[in-house]
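Note sheet for the following structure.
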Amino acid sequence: MNFKYIVLSLGLIGMVSAHPVIAEDGATLFKKKTCFSCHGKDANTPLLPNYPRLAGQNADYALAQMKDIKSGVRNNGQTAGMKGVMHLVNDEEMKAIADWLAGLK
């Protein structure tokens with residue numbers, strides 16, 4: 001076997017595994033992470049009137065709220081349900097969801 005071929009192959013394997021996994025798109029994550037259950041399939045028709053409409057929300061604000069709820073910084077009666085599911089969502093996924101929400105009307 002050719003030494004150059006082995007080195008090149010190992011280098012290519014290292015390059016492939018070094019790339020970060022890209023988050024799914026926000027719309028898919030909104031469904032997959034069960035956000036729609038409370039906020040509505042369109043993010044604009046919440047299950048209960050006191051749940052926020054998320055469609056069109058500022059992306060930075062939405063991301064900050066998700067992070068604060070997940071970490072416990074924001075902890076009140078309205079966050080109890082969210083706290084239960086936020087462990088399913090990582091930072092990259094939160095960003096994708098927030099960006100998607102911001103693009104809705």
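The values are calculated or read from the model by the stated rules, or taken from the named source; none is laboratory data. As the structure is a computational prediction, the values presented were derived from the model and not from experiment. Surface accessibility is based on the protein's heavy atoms, side chains included, excluding ligands, DNA and RNA. Shrake-Rupley method; radii C 1.70, N 1.55, O 1.52, S 1.80 Å.
Structure above, values below:
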{"read-out": "Set of aspartates and glutamates with alpha-carbon distance to residue 32 below 19 Å, sequence-local pairs under 8 removed", "value": "24, 42, 91, 92, 93, 99"}
{"read-out": "Reachable lysines from residue 33, criterion Cα separation under 18 angstrom, eight or more residues apart if same chain", "value": "41, 67, 70, 83, 95"}
{"read-out": "Value of relative contact order over region 61-101, rounded to a whole percent, pairs C-alpha under 8 Å and six or more apart", "value": "46"}
{"read-out": "Heavy-atom surface of region 32-105, accessible at 1.4 Å and reported per residue (Å²)", "value": "61"}
